[in-house]
Every structure is written in C-alpha cells, then in structure tokens.
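Q: The structure's right below; bear with me while I get my questions together.
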Amino acid sequence: MGYRSNIPQVISRMQRIPAKIEKRMIQLVTRAILRVDEGVHEKTPVWSGLAIRNMIWTKSRPNSREFDEIKSGEVTDEGRRAANAAAARQTRDGILKGIKPFGVWYLSNASKHIFELEAGMLPSPERTRVPSGGMFGLTFAEVRNSIGT
Amino acid sequence: MYDFTEDFRAMSETLFQSEFGILYPTIKVQWDDIPFDQPKDRWVAFTVNQNPAKQATIGNRFIVRTTGYIQIDVMVAGEKGKLVEAKKIAEAAADIFAYRKFKGAQITLSCQEKHVTVAPTAGSFRRVMARVFFYYDGERPLIPMATIP
C-alpha cells in the first residue's frame with residue numbers, strides 16, 4: 001500500500017473559493033438593488049412624473065442632477081408612470097450590467113419636491129398617496145432587514 | 001395577518017417616555033392620535049411607521065415579523081442656529097433605541113441604525129428628523145384544537 005496525497009485536490013478546491021464568494025456577493029448585491037428599486041417605485045405616486053423620472057442609480061457617487069420629466073401620457077391616473085419609470089430604470093440596468101461584487105451603489109432622487117413627497121406633504125397631507133412612512137423609509141426598513149438576516 | 005402593532009406601540013412609547021423623560025424632562029412629547037397643544041418654543045413628536053407584518057414560521061412556531069422605523073421629530077422655533085440644539089436632542093432621542101434589543105411580554109424588538117437629518121416643515125418651525133430602523137418578532141399563540149372524545 002503506497003501513500004497518495006490529496007493535497008493538489010485540496011489546493012484546487014481552495015483556489016475556487018474566492019470566485020464562489022464573488023459570485024455570491026454579486027447575487028446578494030443584485031437582489032438588494034432590485035428590491036430597493038421595486039419597493040421605491042411601487043410606493044411612489046405619479047402625477048407629473050418628475051419624482052419617478054429622478055430615481056437614478058449610480059455607482060460610487062450619488063446623483064445630484066435633476067432630470068426633466070417625460071411629458072408623455074396623461075397626468076391623471078398615473079398616465080406618465082410607464083415612460084418615466086422606464087427612463088429611470090435604464091440607470092438601474094446600466095449598473096447591473098457587469099456589476100462587480102464590492103462597491104457602493106446609490107439610488108438618489110434630485111427632484112426639487114422629493115423631501116416633501118417622502119414626508120407625505122404633497123399635494124397636501126390629506127391628499128397624499130404616499131404610504132405613511134414614505135417610499136424610501138419603508139423600503140429601506142424592509143430591505144435592510146432582509147439583508148441583515 | 002395576525003399582527004402585534006399595538007403591543008409594539010405600547011412597548012416603544014413606554015420605553016421612549018421613560019428614557020427621554022430622564023434626558024429632557026421639560027420637553028413635551030406629541031404622541032400619535034393624542035390631542036396635543038403645540039408649545040411656542042420646542043417639542044418632540046414620536047411616530048412609528050411600519051410595513052405590513054409577514055409570517056416567518058420556524059418549525060411549529062408561528063413567528064410574525066414586522067419591519068419599519070421609529071421616527072422622532074424635534075421641532076424648534078427660531079433662527080437656523082437652533083438646529084444645533086435640535087440635532088443634539090434628536091441624536092440623544094435616537095440613541096435610546098439605536099442598535100439595542102428589547103424583550104417584552106409579546107414581542108422581541110431589534111433596533112438597527114439611526115439616520116438623523118434636517119427635514120422640511122409646513123409651518124414656521126424648524127425640524128430635525130431622527131429615524132431608527134427596526135424589526136420585531138411576535139409569536140402567534142397556537143389555537144388549541146377541539147379535543148376529540
């Protein structure tokens with residue numbers, strides 16, 4: 001009976017670990033970005049389309065430029081949601097393409113009325129369609145918890 | 001969905017009342033759905049915002065998990081300089097909960113990070129908003145089945 005070492009196989013397996021960690025991290029980051037995006041969009045009411053148009057995803061630095069809304073569709077009945085949401089989501093799809101596992105990603109909104117909208121003050125506290133707690137606050141609480149566990 | 005909103009509200013309000021009362025005994029606190037006479041100089045508003053409860057069953061236990069955040073608004077009258085004092089109060093108020101765990105008769109509360117920022121107001125007061133994110137778990141009591149004779 002001779003002795004056969006399995007060290008080469010062990011080394012080979014260990015060499016694959018970093019790639020597996022990176023793959024797992026990419027999955028986690030992608031899932032978090034998609035959940036944040038979905039949660040914020042579904043809680044944001046649309047009138048002019050300005051708020052939803054300005055849901056901009058960026059890497060490393062938050063966006064501070066305000067984009068004009070796309071005036072396609074009726075202002076009533078959320079008619080402008082589709083065009084403005086699609087334009088905003090191009091930035092999300094952009095950062096998800098070729099995403100690296102470690103980094104900082106921002107969802108920013110530079111529209112001039114976003115603080116008031118989040119606080120449930122628009123068009124007035126009685127008529128607001130934002131859920132009590134705001135689009136960002138409630139989504140953050142939900143996603144923060146799912147990542148934490 | 002069985003939820004523990006009222007148990008949580010009672011628990012968090014009691015905790016805040018007892019600890020904030022020691023830190024700032026002269027500042028009045030405005031609670032949700034309770035008539036309040038607005039002071040002329042400063043006050044604090046305490047609110048809770050949460051997502052719908054979700055069932056997180058573990059084995060034969062029925063755990064109901066709820067995510068959300070506690071919001072403490074510090075309102076001060078006067079010039080911009082008053083914001084420094086308001087921020088200090090908001091930080092201290094948020095620290096009552098941030099990163100702490102509390103166990104009550106019905107629920108277990110786990111608090112996460114705090115966010116403290118200057119926020120807009122509709123009136124002449126200045127506002128500093130502190131949010132502490134949380135999740136809490138409650139165990140739904142099992143309903144005993146009828147005994148088969």
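Q: Starting from the amide H of residue B:28, placed 1.01 Å from N in the peptide plane, find each other amide H under 5 Å away whose residue is 5 or more places distant or on another chain.
A: B:44
Q: Give a quick list of GluC sites (Glu not before Pro) in the range B:70-149 that DSSP marks as loop, anything other than H, G, I, E or B, with at most 14 other Cβ atoms within 10 Å. All intermediate terms of the calculation are to be shown ahead of the outcome.
A: Working: sites: B:79, B:85, B:91, B:113, B:139; in loops: B:79.
The qualifying sites are B:79.
Q: As I understand it, the dipole of chain A uses +1 on the Cβ of Lys and Arg and -1 on the Cβ of Asp and Glu, about the Cα centre. Which of A:8, A:102, A:28 lies farthest toward its positive end?
A: Going by the Cα projections, it comes out as A:8.
Q: Another one. For chain B, what is the calculated [θ] at 222 nm in deg cm²/dmol (nearest 500), taking -39500 (n - 2.57) for each run of four or more DSSP H residues and dividing by its residue count?
A: Working: 2 runs with 33 residues, N = 149.
Theoretical 222 nm ellipticity from helices: -7500 deg cm²/dmol.
Q: Of the residues B:55, B:38, B:30, which exhibits the maximal mean-square fluctuation in a Gaussian network model of chain B defined by a 10 Å Cα contact cut-off?
A: Looking only at B:55, B:38, B:30, the largest GNM fluctuation is found for B:38.
Q: Taking the simple approach of a point 7 Å from Cα along Cα-to-Cβ for both residue A:100 and residue B:79, what is their distance in nm?
A: 4.8
Q: When chain A is treated as a GNM, springs tying every alpha-carbon pair under 10 Å, which of A:13, A:81, A:53 comes out with the largest mean-square fluctuation?
A: A:13
Q: How long is the gain from residue A:10 to residue A:58 if the chain were fully straight, where each residue apart is worth 0.36 nm and the alpha carbon distance is subtracted?
A: Numbers: separation 48, 0.36 × 48 = 17.28 nm, distance 4.00 nm.
So the extension gain works out to 13.3 nm.
Q: Considering the Cα trace of the protein assembly as shown, what is its radius of gyration and what is Dmax, both in angstroms?
A: According to the Cα coordinates of the protein assembly as shown, Rg and Dmax are 23.6, 92 Å.
Q: Spin-label point model (7 Å from Cα, Cβ direction): what's the residue A:38 to residue B:101 distance in nm?
A: My value for the distance between the label points is 2.9 nm.
Q: Taking amide H positions as placed 1.01 Å from N in the peptide plane, with prolines and chain starts having none, which residues 5 or more places from residue B:48, or on another chain, fall under 5 Å of its amide H?
A: B:71
A short reminder: the numbers here are calculations on the coordinates, not readings from a lab. Keep in mind that what you see is a predicted model, and the values were worked out from it rather than measured. All Cβ positions, even for glycine, are placed from backbone atoms using ideal geometry, and neighbour counts span all protein chains on display.
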